Structure formats: C-alpha cells, structure tokens
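One structure below.
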Amino acid sequence: MMKMLIKLNKEKIKELNLGNYIELTLKDAFEGRVIEEQQPDGSVLYSGSSEYPNYGGIFGEAYVTLVEDEDFMSVCEKWIWYTSYADGSEKFYEENVLKQEGEPL
C-alpha cells in the first residue's frame, strides 16, 4: 500500500494567485484514481485504491509531476510518502519528500 500526505501553504497559494492551478495540478497528478482524505491540519492524504491495482505507478507518476513543478513546490510545506512493508503488516516506511539530503527530519 502507498500513501502520500501533502500539506500546502494556503496563504502562499493566495499570495501567488495559484489556487486553481494547484488544484488542477494535484487532480492531474493523481488522475482521480486514489482515495483522498482531508486531515484535521488541512493536509490531504492520498491512498492507493484496490479499484486501481496499478496505484504504485500512479504514485510514481504523481511524484515526478509534482516534484518538477516549481509552483507546486513553492507552496508545498509538508509531503510524506508512506510505503507499507512487504510483510503485509500495517506498518509504513515514511519518506519526507521535502527533506534535503543531510537535513534532519
């Protein structure tokens, strides 16, 4: 199972007038083929769906699309990629996508 947690800086989105652009960028990146859950802190958790067995490819493509988009990256303040362990447990490996090499989590 794969998941991505993304939190955007809404103030910066307004300041840069990127509202519709960012919304469409996320929609295009995930192509509506994942489950979206709004979190209490304003972030969105994107989860793989059994309806789309190739959701691993969807997450890979979304990552490439988003990480190369300068406007998206300028307003993204939290981005965690979760991958479950192969043992079938509910444990997830977490990767902070925004972490710079050598920078502590």
Lys3 meets each of (1) under 21 Å from Phe59 (Cβ atoms); (2) surrounded by fewer than 19 Cβ atoms within 10 Å (Cβ to Cβ) with one exception, condition (2)
Among the numbered criteria (1) at pLDDT 95 or above; (2) among the hydrophobic types (A, V, I, L, M, F, W, C); (3) surrounded by fewer than 12 Cβ atoms within 10 Å (Cβ to Cβ), which single criterion is violated by Val75? (3)
Suppose we filter region 36-50 for residues that are farther than 14 Å from Lys78 by Cα, surrounded by 15 or more Cβ atoms within 10 Å (Cβ to Cβ), in contact with a Phe, Trp or Tyr (Cβ under 7 Å, 6 or more places away or on another chain) and at pLDDT 90 or above; how many remain? 0
Could you please find all residues in region 1-29 being in contact with a Ser or Thr (Cβ under 9 Å, 6 or more places away or on another chain) and of a type outside the set (A, V, I, L, M)? Lys3, Lys7, Asn9, Lys12, Thr25, Asp28
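The values are calculated or read from the model by the stated rules, or taken from the named source; none is laboratory data. No experiment lies behind these values; they were computed from the predicted model shown. As a convention, Cβ positions derive from the backbone with ideal geometry for all residues, glycine included, and neighbour counts pool all protein chains shown.
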